[in-house]
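Each remark here refers to the structure printed beneath this line.
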Amino acid sequence: MPISPEARFITRCVREPDTLLPRELQQCVRAVGDWQTVAELAARHGVSGYVRQAITRDRLDVPVFVADGLRTAALAQIAHVARLNVALGQLSEAFSAARVPFILLKGPVLSQLVYREPTLRPYSDLDLNVREPDEAAAVQAILSVGLGEVPHGAEVERQTHAHHVHGGTAFHRVFLGPRGTPSEGVMVELHLDPLQMGLRTTHEGLRWERAQPLPSQPGVQMLSLEDQIIQLSVHVHKHGFNRLIWLKDIDLLVRRYGATLDWDAVKADAQAEGVEGSVWYTLWLASTVFLAPVPPGVLQMLAPTAPVRLLYRQVWPPEGVANLEGHMRRRAVQFLAADSWRGMLPNLVLMGRRRTRARAILSAVFRR
């Protein structure tokens with residue numbers, strides 16, 4: 001699959017400047033034929049801020065409407081993040097009052113942890129992870145700040161058709177701010193585990209033991225760096241690598257902390273959760289798309305068998321990811337117990353914990 005000039009330009013804008021060749025962006029600009037696509041793709045992939053920054057930094061000659069569109073998209077993202085941050089403060093107080101600890105996931109953490117400019121890391125919702133015994137109290141805390149629960153398809157299906165499945169577990173619950181209120185547009189996802197694989201996790205207690213305070217957010221915890229690598233890799237894999245900013249998260253984590261991470265622990269925990277392939281392929285893609293400096297030997301240590309590696313490249317072609325055309329193939333990653341047995345088979349082949357998955361499939365099929 002050829003890489004379009006538009007996708008190449010966007011990807012080079014998001015790369016770290018010291019990885020670019022001299023005048024590489026100027027050459028990319030000359031090749032672009034559809035600037036409307038550039039603006040739309042950058043917004044869809046959450047990297048409008050990066051593209052706008054590169055245009056300004058390198059004084060690139062682009063159409064005025066593109067610069068205006070990127071500015072509008074970036075400002076809209078900043079305004080939405082501001083609403084989410086207000087809601088996060090309210091939620092933090094409500095959870096503290098209820099004495100419910102929580103782990104904050106993804107965007108709000110990463111914008112502080114690895115991005116030089118937090119505005120370069122937009123996010124559209126808040127993901128909160130709580131312990132299973134705290135679920136009811138957490139729900140009440142969320143409701144107390146004015147958000148309301150809405151049905152989440154995967155969880156509704158699981159409760160209706162597959163609550164009995166051996167080794168299965170709940171998916172996240174979703175809460176939205178009502179229309180016409182200051183919290184309109186605010187979405188909160190409540191998780192009982194950060195991986196959301198559809199199977200009960202094996203290391204949830206250890207994840208909580210390793211959790212760390214989030215700098216500048218009193219009372220808020222984040223996953224350890226090793227657990228961040230695993231959770232973020234699983235998340236972008238489940239979504240078919242369809243947002244460039246999620247690969248950029250991995251790139252920056254590796255650049256800042258890769259030399260000091262306990263990669264043996266990453267391997268052990270990923271293997272225990274059956275997501276070793278997710279971590280391997282995400283790191284490989286980050287090293288390919290962004291030249292992320294993954295330490296020597298890490299990819300070889302994490303790599304699955306040759307047939308599985310080949311299947312990964314067939315199901316999630318690296319050329320498609322580089323062309324900004326990633327597609328969600330959730331059945332190939334996530335165990336969806338309410339699906340047909342044929343729908344449950346792809347992840348049995350492509351993911352780990354195959355014995356657990358096989359038992360879950362049998363219990364789903366024969367106890368419907």
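Per residue, the chain exposes 44 Å² of solvent-accessible protein surface, assessed with a 1.4 angstrom probe and all protein chains in place. Label positions at Ala268 and Thr19, each projected 7 Å from the Cα along the C-beta direction, are separated by 3.0 nm.
The candidates Ile142, Ile3, arranged from most to least accessible area with a 1.4 Å probe in the full protein assembly, appear as Ile3, Ile142.
Working from label points 7 Å from Cα in the Cα-to-Cβ sense, the Leu206 to Ala76 distance is 4.3 nm.
Find the all-direction average of the projected area of the Cα convex hull for the range 285-325, expressing the result in square nanometres with one decimal place.
Values: hull surface 12.4 nm².
Projected over every direction and averaged, the Cα hull of the range 285-325 covers 3.1 nm².
Based on the alpha-carbon gyration tensor of the chain, what equivalent-ellipsoid semi-axes (square roots of 5 times the eigenvalues) come out, in whole Å, largest first? Provide the component values of the computation, followed by the final result.
On the way: eigenvalues 214, 140, 77 Å².
After scaling each eigenvalue by five and taking roots: 33, 26, 20 Å.
Using the per-residue mean of other Cβ atoms lying within 10 Å as a proxy for protection, in what order, highest first, do the peptides 236-248, 323-335, 73-85 fall? Intermediate results must be reported in sequence, preceding the final value.
Details: 236-248: 22.3, 323-335: 19.6, 73-85: 16.4.
Packing proxy ranking, top to bottom: 236-248, 323-335, 73-85.
Farthest towards the positive end of the charge dipole of the chain, among the residues Phe171, Thr288, Leu128, is the Cα of Thr288, using unit charges on the Cβ of Lys, Arg, Asp and Glu. Among complete DSSP H helices in the chain, those whose alpha-carbon atoms stretch at least 24 Å along the helix's long axis and whose mean Kyte-Doolittle hydropathy reaches -1.0 are 64-97.
Name the trypsin sites (Lys or Arg not before Pro) in the range 41-71 that are in a loop by DSSP and that have at most 15 other C-beta atoms within 10 Å, would you?
Numbers: sites: Arg44, Arg52, Arg57, Arg59, Arg71; in loops: Arg59.
Sparse-neighbourhood loop trypsin sites (Lys or Arg not before Pro): Arg59.
Working from label points 7 Å from Cα in the Cα-to-Cβ sense, the Leu362 to Asp34 distance is 5.0 nm.
The values are calculated or read from the model by the stated rules, or taken from the named source; none is laboratory data. Just so it is clear, the model here is predicted, and its values are computed rather than measured. We place every Cβ from the backbone using ideal geometry, glycine too, and count neighbours over all the protein chains shown. Accessible surface areas use protein heavy atoms only, side chains included; no ligands, DNA or RNA. Shrake-Rupley method; radii C 1.70, N 1.55, O 1.52, S 1.80 Å.
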